[in-house]
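Here the structure is laid out as structure tokens; the discussion comes afterwards.
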Amino acid sequence: MPPTPSRSARAATPMAFVQAIVRAYALYGKNPGAALAAAQIAPRELVNRQARVTAAQFEALNAHAMQELDDEALGWFSRRLPWGSYGMLCRASITAPDLGVAIKRWCRHHRLLTEDILISLHVHNGVATVRIAEQRPLPPQLREFCLVSCLRFLHGYASWAIDSRVSLREASFPFEAPPHADAYPLLFCDRLQFGAAAEASYSFDERYLHLPLQRDERALRSMLRRALPLTVLQYRRDRLLGQRVRELLRTRPQEAGNASALAALLNSSTRTLHRQLKDEGTSLQAIKDEVRREQATQQLRRGNKPIKQVALAAGFRNEKSFARAFRQWTGVSPGEFRRGEAGDGNDKGDKGLQD
């Protein structure tokens, strides 16, 4: 059963997408009244282009419309996709060893449903890109909703399958920015292009493709009891984000000196970076401390570099602040740590070092 719509949640889904579903009813010569009632959307609200609905309302509308029209494509294609078509795509991909294979299967099997559009996966220089090529003209009034939905279906499935939000780097659309373009960052990412590309697409870090699927057949059956929650469901935890932040702090410390610079390198906003790290159960400061601690302990173990140089290399302004932080991390001063490491190696000749 679809969820009970709630108006207490944030209303962020554009009314234009609701209007697109109403147009699908018109194509089939049916009345959308029951679907709108199920989603608790008053017909008079349809003419208000500035209006928004909640994720739960939109999901309920989708659920009712797809079943009542028996078309999960909602009028987009030259042939209908009967109820259960996208469930079939999910089932075909659930046994894949990793996300990359799952997405390739999704793309291949989607072609069995329709050739009006072709979905494909491309990988280049560490970036994975999902593209939609339009093979036949889509209904003009449904084109935007079709392309957005098809990208969101796959993005939602991928995030669900690995139980991690797949953070997008960039999304492009072959149409000009619509009046409700401010909703797109919520649906995709902050970095958007409208009208500059021939195909709808989004890109993300290639390493997501190597993550194993976390879901099984039982979880799939549970998920499919609801009508495509993939269109609205958010997976805010990002299994790769912390790793990517650590890598940038280790390899490009000068360029990743603060939160805004780091967010720019990740094609994100500072606010989004902090929020997603929090959702992952960590923080930027915690990761910085972790990387600094690793670098400092490695240098203290491996050489006789003066403590002051170790402090500067680890990103501290002076030796005093480094010593204070190091004691908080380890319970001992840098000098005591180095002497202890030397002692463990049966080398007592490091007595002259100062804390």
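Remarks
- Residue selected from segment 1-54 under the condition of a type in the set (D, E, K, R) and at pLDDT 90 or above, by the criterion surrounded by the most Cβ atoms within 10 Å (Cβ to Cβ): Arg52
- Single residue of segment 179-190 satisfying the filter (in contact (Cβ under 8 Å) with a residue 40 or more places away in the chain and in contact with a Pro (Cβ under 9 Å, 6 or more places away or on another chain)) that is farthest from Arg165 (Cα to Cα): Pro179
- Flag if Ser283 is farther than 18 Å from Arg250 by Cβ and of a type in the set (S, T, N, Q): no
- Among the residues listed as Leu121, Leu99, the single one being within 16 Å of Ile162 (Cβ to Cβ) and in contact with a strand residue (DSSP E or B) (Cβ under 8 Å, 6 or more places away or on another chain): Leu121
- Residues in segment 66-82 that are surrounded by 21 or more Cβ atoms within 10 Å (Cβ to Cβ) and within 27 Å of the chain's Cα centre (by Cα): 5 in all.
Residue-by-condition table, conditions (1) surrounded by 15 or more Cβ atoms within 10 Å (Cβ to Cβ); (2) in the same structural domain as Glu336 (by TED's automatic domain parsing):
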site: Ala259; (1), (2): yes, no
site: Arg271; (1), (2): no, no
site: Lys278; (1), (2): no, no
site: Thr297; (1), (2): yes, yes
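- Ser93 buried (at least 22 other Cβ atoms within 10 Å of the Cβ) and of a type in the set (S, T, N, Q): yes
The values are calculated or read from the model by the stated rules, or taken from the named source; none is laboratory data. Predicted model, so just to flag it, every value in this text is computed and none were measured. Positions of Cβ are generated from backbone atoms using ideal geometry, with glycine treated the same way; all protein chains shown enter the neighbour counts.
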